[in-house]
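The structure under discussion appears below in the form of structure tokens.
The values are calculated or read from the model by the stated rules, or taken from the named source; none is laboratory data. Note that this is a predicted model, so its numbers are computed, not measured. Here Cβ is always computed from backbone atoms with ideal geometry, including for glycine, and neighbour counts include all displayed protein chains.
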Amino acid sequence: MASTNASSWPRRISSFTSSPSQFLSGTTADSFLDQVLHELRDDRISESTKVLLLTPFLEHPTILCPFPAVGEETAVELLAIFCQVPHKSLQLRCQLLVAITSVLVCTSCVSSEVEVAVGFLDLLYQTIQDTNDHKNGQQFYYLRLTACDCLREIETCYPGLLSQKLEALYLLKQQETTPLHQAYSLLYTLALKNAIRLLSLQKGGADDDLKRVLAGNEGFAWKAVETPLPPYPVSSTGQISVVQTSTDNKELKSIVSLLLEESYLLTPLSQATLLRELIEVVAMVQALSPAIFKSQLVRLIGTVEITLLHATLLMKSTFTDSLFTTEDENFFIKRLVSMAQHPLLSVQQKLFYMDCILHFPENRPISSNGEESLPVLVTPHLAASLLPTVFNDSRTMLCRLSLLSLVYLEADENDDKGVGYLFSHLMALHRIVENHGTREMTVTYFKSVFTFLTYFYHNEKFTDDLTKSISELYSKHCYLAPNVINLIDRIQEHLEDPKWSIRLLQALQKLIVELPLVQMNIQNLGWHLKILGRVSQESQVSQGKTLCFLLSVLINTSLCTTGDWKMGSVVLVVCRNLLQHPSLHRVFTELADLLQYIMQHYNDVDIQDHARFYYTLLTNLSREKLSGVLTKGPNVEQTKVRSLSSLMAESEGLSNCLTVQETTGTVLKLTKVHNTNVHRVSQQTDSEGHEGEDVLTFYRKQFSSPGFSSKVILEYHLTYAGDVDVTFDKLFSICLHFDLTDSNYEQVSDISVPCLFRNRKPPVVRVTLQPRQPYPSTLCASAMFTTDDGLSWHTQLEDIPVCFSDVFLPLPVPVGWSQEKREKLFDHLWSSMCEEEPGQSATSLFCFEIGNQELPALIESNFSAYLISQEPEKQSYKVMFFLPPQFHVLLTIANAEDAVQVRIATDNWDFLPFINTYLKSVAPQTPRS
Amino acid sequence: MSVRALWVFSHERGDGGGGGGAGGTVCFSRRFPTVERRAKALAGALYVAVPEDGAVLQPLLTELGLSDGDKAFVLSRDDCARPQRSPALELRVQGRDRGVLWPVLALVQGGLILACLVLVEAPPEPRPPLPSLASVSQGLSLLAGLQAFLCGTGAKPDGEALASKLALLPSVLLQICPLGTPLDAPQAGSVAAPGPSGSQKQPAWKPGPHRGRAVASVSLSETVRSMQYGKPSRQDLWDVFGTVNCKCEVEGVLPNVMVTLTLPPNGSPLQDILVHPCVTSLDSSLLMASSVPVPPILGSYQLKEEENQLRVTATLKLHESVRNSFEYCEAHLPFFNRGHVNNVDVKVSCGQLEVSREKSLLVWVLGQKFPKSREVTLNGTVNFSELSSGPRDPLCTGLTAYIKLYFRVPDLTLSGCCVDQHSVQVYSSAKPRITTSRELVSSEYYIWNSAGEAPISSALMVL
């Protein structure tokens, strides 16, 4: 078998890591794993390539090792490789440790039962024994670093595993004086925290237990793997279980003190991690006073490092007034406010600090529901430095706006100077948008208006001005219609009082209907009609003016002659909304006139028809019936009524009936129909070929006709996926859509199924596949259908696997071909494959054991459709699979003394892993190949 | 306190060619499967897996407002009710791995987007407040370090340098974050091998031992910002901020260095001091400023409409307490929304005037010194081509216009803060050479046209 060229590995690895699913459409995980391991064992491969080869284990161990057994085997292999790598190959050794850790943890192989896991943990633990590199020298420095981190990750995943080794770990931490003491400190602190957590969950007095745990110097606590710890309650509401100690535990106290004292030697990120663990330790041990942190506070609150200040905040939320006095608290919040606008910090950090202000854990909180609230200490005076300006970036601006809105909302109601400033800020943004600001600025403006309104909608002084300014803005830039409509919609959703949005809509309506028609171009008109369409949804707005405007536009502009279907339907949306409007009786005549005018003059037949239909409804139905016909929404019972109204929904598509609903769970599935080998060939030639012509030449000539034997048909039953809702008992007009997950096949066309009923036989669906490369693949299927209440639905089906053997076809030769001819072709193909240059084709051998009697049965059940010749007495068979577009897999199967030998020839060696997997699935026992 | 996945994307803004397409590529990505396993256990039924790289980019661009550059309004991007103010993004992933990924932290610089998804160590519902999650600050810190590592101090990393940094990234991560829980942020410089161990613990943040000549240098850098309006109704604004950098190349495991910052007596203290974690103690009671710092250059600017031209008058005055010795000093007068500069008839009392017609910009180069009177003037007229081209700005319409000053004064701080060379004490075996330096640079130093409207730059003056 040809080996993959070493230089192609970087490309292959990167295509695997960027999209494993795409990559595996061309090979199997199994064979990829084999190849990678094979290369790793090869001494000729460079260290840097091997480091690269390990990345799949680092990123997707469970894809390469889907089962614990594979994980275990792989870990054994990797560990063996680790032992053989020379000591100077530092990076490779480190990478191997990380890879093995990932494989073992992710395949759940960390257990005392798994030999390799035990061995690996011992190796890690041995590695970290050599403190200060006394024994092995400096080249082991980074290996120790990695080993510490691997142990820390394993302890994080299996809390308590190191809980019997605390004294030993403590000594290591003490001895180490190189910067690695950081890794040792973190490892020890984590183990300490987990050990104490285990104790806290036990019942009874814990004084002796605590002593015993701190002096622990035993093996790994494997029982921690079997009974995992519940997660530590993070939120302030969660109850923390406490270790009940009766006496002051001096030993633990001095341990924690020392860790804190030395913490400044750690990098900020590690320091924050350490502090976090120690906070939990102190919270869990009653005998330890939070005051132990006091000496660190000045340093921590003054820090420039976000991680350290954050750790301090977590300290505050855990211990509140038992660590922070009112004065401290006051200072802390002032500090946060100044950090939130400090010129030397990044935007992200400042945003985070503003978030921290809004969730500040106060000593005496007014409410503690975890939601955003303003600390009492944040006064308008303190927060003034956080007022937004147009010089801020969008995120900062919006964040400051909502923070300050909260501040002023709670401040003195008689003093609206602050709110006035926020409003003037909106106006400054308004001017920028008016002067063609960027799209980002426009969006920021509308978001700001939304935020402002949600807080101050009751303050009419400002909201009136806002109405005015938005309609002014619209009059200058009517392309902002979608933004304006979006604002109105959202405000109506968020505020119970629709007053403001109604006023804005009225203002916009007035503005539009008073526009001089000469200035109206078709583009602007489109936006205006969108706004009027929105206005017509409001029952509180009188619509007479809108109708007069529309009629005058239709009569006096070229809309009727130049307008297209889209424009026409925007006009009809207004009409349709008006048909449902409570004050329809007031505009009855005008609406009738308008509809009549459209049906006579509009340049689009469909629009005319619709207008005529509306006209008929308007003039013939009573109001109750009219609203019955047109009401949208799922509460209308009869299907017919709904379809009638859905006819009218136009492009706005607001009606429930035109909307396709998404099912919540899986409703349908496709199950493979078995024993249908027969219909798979899509084309057969009738011609027998000329006499004397070489069979191989004839055979190959067939492929010159386009589309010859290029398709595979797979049959499935379309059935319900388990117990689904009764709504779906009868499905109609099912349209199945298939998406490819790779580029190995041509697009699959949609399939229509007339209906599916719960108590009838499931329909058969034939999926036609046209391979480009006949590799295994997965199809994503979805379906659209209608239920008998007239609603349309969209649902996702479970992915459909296409196996390698699904693409097998019998030999595409004329039906009348004799046995002899077929055999001749087989032999020709076989020898041609073996003759060709290596790399183009391949032969291989696969063996498995089987009882003497079983082979014919096995052949019959698996290969009968592909059998070329058989000699049952000799137990020798020839089998040929054809794989479109033009590939072959040839097998000669013979029962030799103790095993069945399958010799394989193929013109595409990339198939070998798939053939292997296929034969494994066919063979009754584990092969010995 | 861990990261589930880390990405570096490159992104072309706006003119992506295809318009509306993906508009970005994956430069680097790394997943941490053991952390992912924990995430799965913590989230239970609400777990959303990290999708393949391709499925992350599009929702990220949408969330950052960078998708569909050619479309004016896209609901998923521009909905006014979607909060866009937290540092944590919520990605709505479509397709096979659909679901909501939160919290995703992201940083955009130049054409790069750095992003990471951090672990939520709490029940996923109700969604915990961001400040309760320790991983968030760790993620932000990691991204900031990554940004410094990839981009350096420059705003936009160039292609080759970036490619070589990206190639180094896997081995950097192997050292600082092999399994998703970072020990440190990526360091911009190279990390030296650790020194031989002694009896004293070495600080983990120190980049290796120093050999060679002992040097300690302390540099003070101050930045002055100002907004001057030249109107009685509007108070002028200015502020000063700065950093004290102390670089000690001294032998020893943990040499102590004491730096005394002095400020002339009586006055207001320096505010909002942030301290690097390696500073062990800070006696802030000493930090008192002498007088309220003044803006080093006071300016006035009048721009008036005159028939078909603009009349420009400007005066700049150097404050008497400021050393008259610049490294550079330039005043920029940009004109927006008026077409290109056509005819410039402007006289300056000192320095040279350069005109960039394309940019509609006048650059007044004042050089190293103001004249003895410490006052310089500019006046004259400018007119513009009628073309609709030329630079545009939504803020500077009508007579809203500004002069922006760029200058650097070596050996000066505005606060009066300084470090005496002899006050620096280094407790180390070898006596180091000690150097100190100071500088003042300008940033966002604006003088607005007093004859026009000017935007509010800080609410403090209004309230």
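Observations, loosely collected:
- Matching residues, the range A:195-233, being within 14 Å of chain B (Cβ to nearest Cβ) and closer than 26 Å to residue B:132 by Cβ: A:197, A:228, A:229, A:230, A:231, A:232, A:233
- In the range B:317-345, the residues that are outside any loop (DSSP other than H, G, I, E, B), buried (at least 18 other Cβ atoms within 10 Å of the Cβ) and more than 26 Å from the chain's Cα centre (by Cα): B:318, B:341
- Elements of type helices (runs of 4 or more DSSP H) contained in the range A:85-188, each with 1 or more residues being more than 9 Å from chain B (Cβ to nearest Cβ) and under 33 Å from the mean Cα position of the chain (by Cα): A:90-106, A:115-127, A:141-157
- Total residues in the range A:704-727, condition outside any strand (DSSP E or B) and either over 14 Å from residue A:783 (Cα atoms) or modelled with pLDDT of 90 or more (or both): 14
- Looking across the range A:67-76 at every residue that is crowded, with 19+ Cβ neighbours inside 10 Å and not β-branched (Val, Ile, Thr), the one that is nearest to the other protein chains (Cβ to nearest Cβ) is identified as A:71.
- 3 or more residues surrounded by 20 or more Cβ atoms within 10 Å (Cβ to Cβ): qualifying helices (runs of 4 or more DSSP H) within the range A:489-568: A:499-513, A:522-535, A:544-556
- Given (1) within 14 Å of chain A (Cβ to nearest Cβ); (2) in contact (Cβ under 8 Å) with a residue 12 or more places away in the chain, index of the condition residue B:199 fails: (2)
- Within the range A:189-228, the set of residues being under 36 Å from the mean Cα position of the chain (by Cα) and of a type in the set (Lys, Arg) comprises A:193, A:197, A:223.
- All positions within the range B:346-372 that are touching a residue at least 12 places away in the same chain (Cβ under 8 Å), surrounded by fewer than 16 Cβ atoms within 10 Å (Cβ to Cβ) and not in a strand (DSSP E or B): B:349, B:357, B:358, B:359, B:367, B:368, B:369, B:371
- Of the residues making up the range A:272-301, those that are facing chain B (nearest Cβ under 10 Å) and either among the β-branched types (Val, Ile, Thr) or surrounded by fewer than 19 Cβ atoms within 10 Å (Cβ to Cβ) (or both) are A:273, A:279, A:298, A:299, A:301.
- Qualifying position, being surrounded by fewer than 18 Cβ atoms within 10 Å (Cβ to Cβ), under 24 Å from residue B:411 (Cβ atoms), within 14 Å of chain A (Cβ to nearest Cβ) and at pLDDT below 80, among B:269, B:264: B:269
- For the range A:569-590, a residue qualifies if it is farther than 21 Å from residue A:606 by Cβ, part of a helix (DSSP H, G or I) and not charged (D, E, K, R), and the qualifying residues are A:584, A:585, A:587, A:588, A:589.
- Strands (runs of 3 or more DSSP E) lying entirely in the range A:750-818 (those with 1 or more residues that are more than 29 Å from the chain's Cα centre (by Cα)): A:751-757, A:764-769, A:777-787
- Only one of the numbered conditions (1) over 28 Å from the mean Cα position of the chain (by Cα); (2) buried (at least 19 other Cβ atoms within 10 Å of the Cβ) is violated by residue B:381, and that is (2).
- Filter pass, residue A:312 being at pLDDT 90 or above and either within 13 Å of chain B (Cβ to nearest Cβ) or closer than 18 Å to residue B:272 by Cβ (or both): yes
- Scope the range A:379-437; condition aromatic (Phe, Trp, Tyr), within 8 Å of another protein chain (Cβ to nearest Cβ) and assigned to a helix (DSSP H, G or I); matching residues: A:421
- Among residues that are surrounded by fewer than 14 Cβ atoms within 10 Å (Cβ to Cβ) and either facing chain A (nearest Cβ under 8 Å) or assigned to a helix (DSSP H, G or I) (or both), residue B:160 is included.
- Listed by position, the strands (runs of 3 or more DSSP E) enclosed by the range B:400-463 that each have at least 3 residues that are within 14 Å of chain A (Cβ to nearest Cβ) are B:433-448.
- Among the residues of the range A:449-461, some residue qualifies, meaning at least one is closer than 26 Å to residue A:353 by Cα, touching a residue at least 40 places away in the same chain (Cβ under 8 Å), among the aliphatic types (A, V, I, L, M) and more than 9 Å from chain B (Cβ to nearest Cβ).
- The one condition in (1) out of contact with any Leu (no Cβ under 8 Å at 6 or more places or on another chain); (2) farther than 30 Å from residue A:106 by Cβ; (3) of a type in the set (D, E, K, R) that residue A:165 fails to fulfil: (2)
- Selection status of residue B:116, at pLDDT 90 or above and either part of a loop (DSSP other than H, G, I, E, B) or facing chain A (nearest Cβ under 10 Å) (or both): no
- Inspection of the range B:79-86 finds a residue satisfying the criterion of being within 7 Å of another protein chain (Cβ to nearest Cβ) and polar (S, T, N, Q).
- Boolean, residue B:173 is at the interface with chain A (Cβ under 8 Å from one of its Cβ atoms), closer than 20 Å to residue A:182 by Cβ and touching a residue at least 40 places away in the same chain (Cβ under 8 Å): no
- Residues in the range A:31-66 that are part of a helix (DSSP H, G or I) and more than 14 Å from chain B (Cβ to nearest Cβ): A:31, A:32, A:33, A:34, A:35, A:36, A:37, A:38, A:39, A:40, A:41.
- Residue A:756 free of Cβ contacts under 8 Å to residues at least 60 places away in the same chain and aliphatic (A, V, I, L, M): no
- Filter result (in a helix (DSSP H, G or I), within 11 Å of chain B (Cβ to nearest Cβ) and not aliphatic (A, V, I, L, M)) within the range A:473-488: A:479, A:482, A:483, A:486
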